[in-house]
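Below: one structure, written as structure tokens.
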Amino acid sequence: MKLYNANLSPYSSRVRIAIYAKNLPVEIVAPPGGLGSPEYKQLNPTGKVPALALDGQVIVESEVINEYLEDRFPTPSLRPSDPLARARMRTLSRFADLYLAPPLGALFGQMNPATRDTKLVGEKLAELDTRLDQLEALIVAGPYAAGPELSLADCALCPVFFFLTRLLPAVGGKNPLDGRPRLALVGATVAKHPAVARVLAEQGEAMAQMMKAGSR
């Protein structure tokens with residue numbers, strides 16, 4: 001199996017957490033020709049990462065890849081055995097994609113105070129504040145997002161929070177974990193998991209490289 005990947009991507013990072021947690025024999029490589037290149041689009045028509053190549057087929061979309069890996073390699077499990085807990089896990093994973101990622105993505109182009117759209121930033125910070133309060137209320141178990149063990153919900157949420165904890169204070173917002181004890185507990189617990197710690201380090205290194213390149 002081969003994963004086409006970018007270390008800074010929260011979607012690629014979601015899959016790498018699952019791969020590392022399961023200790024799977026997956027070759028992790030950059031997209032041939034780069035993201036969006038004609039060469040890569042021959043493999044993955046969307047031109048995005050991640051994509052998982054195996055047996056002459058390519059699976060796209062991070063959550064679909066993780067569900068496939070869970071189905072094919074069920075041990076150690078990243079899905080709770082209880083159906084209700086499993087539904088909560090999927091709710092949290094979808095929440096990351098549908099309600100956290102869009103307003104977060106809108107803030108990426110607002111880092112420079114000289115060119116910042118203060119109205120847009122204020123709107124997106126308010127939206128994220130609401131969404132984070134909703135997420136706090138949705139976490140009813142612990143100490144991981146969906147219960148006592150690492151799950152696909154943590155795979156989805158952790159790479160997003162990597163950006164939230166760095167980006168929000170940089171544009172005038174507060175730390176997303178402040179005043180949200182359930183999220184703070186989950187964040188502290190998940191960060192100690194070896195697979196997550198490895199991915200967070202990879203994201204941090206990739207961000208440092210990007211910032212260094214941008215300052216030249």
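The values are calculated or read from the model by the stated rules, or taken from the named source; none is laboratory data. Just so it is clear, the structure is predicted and the values come from calculations on it, not from any experiment. Backbone-built Cβ (ideal geometry, glycine too); neighbour counts: all protein chains shown.
Annotations for the structure displayed:
- Pairs with Cβ under 6 Å, 6+ apart, first in the range 137-158 and among the acidic types (Asp, Glu), second at pLDDT 95 or above and buried (at least 16 other Cβ atoms within 10 Å of the Cβ): Asp154/Tyr144; Asp154/Ala145; Asp154/Val190
- Under the condition of being closer than 23 Å to Met1 by Cβ, hydroxyl-bearing (Ser, Thr, Tyr) and not in a helix (DSSP H, G or I), the residues counted in the range 73-108 number 2.
- Picking from residues in the range 99-139 that are of a type in the set (Gly, Ala, Ser) and surrounded by fewer than 16 Cβ atoms within 10 Å (Cβ to Cβ), the one that is nearest to the chain's Cα centre (by Cα) is Gly105.
- Counted residues, the range 65-97 - those being among the hydrophobic types (A, V, I, L, M, F, W, C) and under 16 Å from the mean Cα position of the chain (by Cα): 6
- Residues satisfying the stated conditions in the range 153-186, i.e. over 17 Å from Leu107 (Cβ atoms) and either surrounded by fewer than 19 Cβ atoms within 10 Å (Cβ to Cβ) or of a type in the set (Phe, Trp, Tyr) (or both): Asp178, Gly179, Arg180, Pro181, Arg182, Ala184, Leu185
- So Ile65, is it surrounded by 15 or more Cβ atoms within 10 Å (Cβ to Cβ) and without any contact (Cβ under 8 Å) to a residue 12 or more places away in the chain: no
- Within the range 42-72, considering residues that are outside any strand (DSSP E or B) and among the aliphatic types (A, V, I, L, M), the one nearest to Leu150 (Cα to Cα): Leu69
- Residue match in the range 103-125 (condition: among the acidic types (Asp, Glu) and touching a strand residue (DSSP E or B) at 6+ places or on another chain (Cβ under 6 Å)): no
- Scanning the range 187-216 for residues that are among the basic types (Lys, Arg) and assigned to a helix (DSSP H, G or I), we see that the one that is nearest to Gly109 (Cα to Cα) is Lys212.
- Test: Glu67 is closer than 30 Å to Pro143 by Cβ, touching a Ser or Thr at 6+ places or on another chain (Cβ under 8 Å) and outside the structural domain of Phe161 (by TED's automatic domain parsing): no
- Filter result (within 16 Å of Cys158 (Cβ to Cβ) and among the β-branched types (Val, Ile, Thr)) within the range 1-51: Val15, Ile17, Ile19
- Candidate set: the range 149-178, residues that are of a type in the set (A, V, I, L, M) and in contact with a Ser or Thr (Cβ under 6 Å, 6 or more places away or on another chain); chosen: the one nearest to Asn112 (Cα to Cα): Ala156
- Inclusion of Ala156 among residues that are more than 27 Å from Pro80 (Cα to Cα) and of a type in the set (A, V, I, L, M) is not warranted.
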